[in-house]
Amino acid sequence: MGECRVAEWTVDAVCEWARKEKLSARVVKQIRDEEIDGRCLLSLTEDDLRTIRTKCSNLCELTIGDMKKLSLSVRGIQKDNHASLVYLGLCDNHHQGHGVLPAFGGSAAEVLHLNDIERVSPPMSVDGRATSIQPEFFKTMISLGYAFLVTWITSFVMVVVHERVPDMKKWPPLPDIFLDNVPHIPWAFHMCEITGTFLFGIWACVIVVHRHRLVLLRRFFALAGTVFLLRCVTMLITSLSVPGTHLQCTPQDHKVDETNVVTWLDAIHLRIQRAYTIWSGLGMSIQGVRTCGDYMFSGHTVTLTLLNFFITEYTPRHLYFLHTMTWLLNMFGIFFILAAHEHYSIDVFVAFYITSRLFLYYHTLANNQALMSHDSTRTRIWFPMFSYFESSVDGIIPNEFDTLAEVLGKLFWGVVYVKDLCMLTARRIWLAHSDLTEDVAKQLKKVSPLSDKELNNAVSAKKTVGNGNLLLMNNDIGRNGGSGEPAVGIEELMKSNIDQLKETKLEKKDN
């Protein structure tokens with residue numbers, strides 16, 4: 001019975017609870033006579049208890065002590081199961097503690113005091129899980145666009161900080177406890193990126209089979225975009241010297257020669273081209289990307305840590321081997337970064353700390369509606385994207401997975417949906433143009449004494465010319481043999497066609 005939700009208790013389960021609370025046999029008998037189950041127990045008020053005592057005053061003779069003990073026990077179980085009250089609609093989630101205590105005579109001051117103390121309350125669902133999870137494809141696309149924009153900003157900032165990297169001859173590497181005591185390993189940085197690629201492969205598999213994959217993607221893009229946007233700020237405000245003497249970093253590698261560019265727009269264009277090289281290579285050395293100056297803080301550490309935390313959060317807890325392996329890959333990846341002397345120790349430490357804290361902070365707010373709704377105005381101001389992305393999530397996202405057949409089925413129906421959407425759009429365009437054709441035909445019938453057969457031929461000619469795409473005439477077909485002359489419009493062709501039909505009709509009359 002202890003593992004069963006209180007709201008699902010039967011009358012016998014409530015009687016057993018009363019016995020464990022050491023309530024008298026008279027109370028237990030009255031609970032059974034009144035058929036009080038779990039839901040009734042959670043919704044009991046002081047008025048209900050008075051009614052029970054009044055009804056049984058001549059039969060079971062409940063004492064004041066019986067009623068007080070029952071009242072205290074009911075208060076306790078209602079307080080411990082506040083989430084169930086919210087789920088049943090008996091209490092407002094935005095005012096934790098207001099739903100039950102006033103029914104038992106609690107004052108507003110007492111309720112307010114309890115609310116101030118117990119801010120960390122269960123989510124809206126009974127067991128902490130979200131009650132309604134919507135895919136919300138549009139929100140996922142918004143988060144993807146946000147992450148995409150941040151990656152471009154990061155690439156551009158990396159070009160700028162490379163131009164500002166301190167001269168290695170004038171500014172040698174800073175003292176670092178780890179780098180000063182660990183020899184440089186040339187292949188270590190490549191191993192770090194291979195480790196990250198392996199972690200990404202695991203995360204991609206989780207995304208494919210997870211039932212709530214769009215929510216996971218939305219959170220991943222939002223967190224990754226925020227952390228890397230913060231990294232852009234830290235890279236710009238302070239330029240650290242190159243951490244290793246093996247690195248050949250000079251500002252001239254990416255510095256724009258202002259004397260050879262025509263305008264400032266040309267300088268920006270050159271920087272954007274270099275940013276595209278970094279962006280297309282994902283900033284990875286195994287892709288041939290080499291940058292300097294982007295030290296505070298480590299982007300590779302951010303990626304490794306995010307992948308590790310998302311894999312461990314959204315896979316079952318009993319997969320100890322998988323979680324241990326992802327943590328080892330994360331730690332070994334960080335070690336390889338330092339062993340390659342590509343970052344200072346402080347770069348790696350700050351990256352791990354900021355990424356892990358933001359991940360935990362985001363999920364603490366998302367999994368607990370009491371924290372998010374206690375001061376919703378401040379939450380919307382400081383975390384506007386979080387408030388938008390998580391507005392419909394009222395609890396913990398359960399780790400539910402699809403089978404391979406279900407994944408393939410969803411993929412198939414997704415392709416069918418896209419195909420149907422494209423066909424529907426094309427049909428709407430065709431219908432719109434057909435309506436235009438009919439309107440033109442009606443106008444022509446009014447001004448032209450043509451037979452129905454001849455008019456249908458003219459309309460068919462127009463449909464042949466402009467079927468489904470009025471802009472087609474502006475392309476190759478609209479050019480007279482590619483001579484560059486202006487395209488012939490549909491109305492002109494219609495007019496020409498009608499003139500030819502009129503001439504044919506006149507010739508028949510003359511004959």
### Query
Restricting the search to region 216-246, which residues are outside any helix (DSSP H, G or I) and not hydroxyl-bearing (Ser, Thr, Tyr)?
240, 242, 243, 244, 246
### Task
Run residue 175 past the list (1) in a loop (DSSP other than H, G, I, E, B); (2) surrounded by 14 or more Cβ atoms within 10 Å (Cβ to Cβ) and report the number of the one that doesn't hold.
(2)
### Query
Considering region 284-318 alone, what residues qualify as being surrounded by fewer than 16 Cβ atoms within 10 Å (Cβ to Cβ), out of contact with any Asp or Glu (no Cβ under 6 Å at 6 or more places or on another chain) and not in a loop (DSSP other than H, G, I, E, B)?
287
### Positions within region 129-155 being open to solvent by 70 Å² or more (accessible area, probe 1.4 Å) and more than 30 Å from residue 294 (Cα to Cα), in sequence order
129, 131, 134, 135, 137, 138
### Verdict on residue 119 being modelled with pLDDT of 65 or more and of a type outside the set (A, V, I, L, M, F, W, C)
no
### Query
Applying the selection to region 209-248, what residues are within 21 Å of residue 366 (Cα to Cα) and free of Cβ contacts under 8 Å to residues at least 12 places away in the same chain?
213
#### Entry: From the options 383, 401, residue that is within 28 Å of residue 315 (Cα to Cα), at pLDDT 85 or above and not β-branched (Val, Ile, Thr)
401
### Query
Which of the residues spanning region 381-423 are more than 18 Å from residue 213 (Cα to Cα), open to solvent by less than 60 Å² (accessible area, probe 1.4 Å) and within 22 Å of the chain's Cα centre (by Cα)?
387
### Query
Tally time: how many residues in region 386-409 are part of a helix (DSSP H, G or I), without any contact (Cβ under 8 Å) to a residue 40 or more places away in the chain and under 17 Å from residue 218 (Cα atoms)?
1
## Note on the structure
The one condition residue 199 fails out of (1) over 19 Å from residue 294 (Cα atoms); (2) open to solvent by 20 Å² or more (accessible area, probe 1.4 Å) is (2)
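Yes/no per residue for (1) open to solvent by 30 Å² or more (accessible area, probe 1.4 Å); (2) in contact with an Asp or Glu (Cβ under 7 Å, 6 or more places away or on another chain); (3) modelled with pLDDT of 80 or more:
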{"position": "19", "(1), (2), (3)": "yes, no, yes"}
{"position": "30", "(1), (2), (3)": "no, no, yes"}
{"position": "60", "(1), (2), (3)": "no, no, no"}
{"position": "69", "(1), (2), (3)": "yes, no, yes"}
{"position": "74", "(1), (2), (3)": "no, no, yes"}
### Matching residues in region 326-347 - criterion: being aliphatic (A, V, I, L, M) and over 26 Å from the mean Cα position of the chain (by Cα)
328, 331, 334, 337, 338, 339, 340, 346
### Message
Restricting to region 339-353, name every residue that is of a type outside the set (Gly, Ala, Ser), in a helix (DSSP H, G or I) and either open to solvent by less than 20 Å² (accessible area, probe 1.4 Å) or out of contact with any Ser or Thr (no Cβ under 7 Å at 6 or more places or on another chain) (or both).
### Response
346, 347, 348, 349, 350, 353
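The values are calculated or read from the model by the stated rules, or taken from the named source; none is laboratory data. Because the structure is a prediction, the values reported are computed rather than measured. We place every Cβ from the backbone using ideal geometry, glycine too, and count neighbours over all the protein chains shown. Heads up: the accessible areas ignore ligands, DNA and RNA and are worked out on the full protein's heavy atoms, side chains in. Shrake-Rupley method; radii C 1.70, N 1.55, O 1.52, S 1.80 Å.
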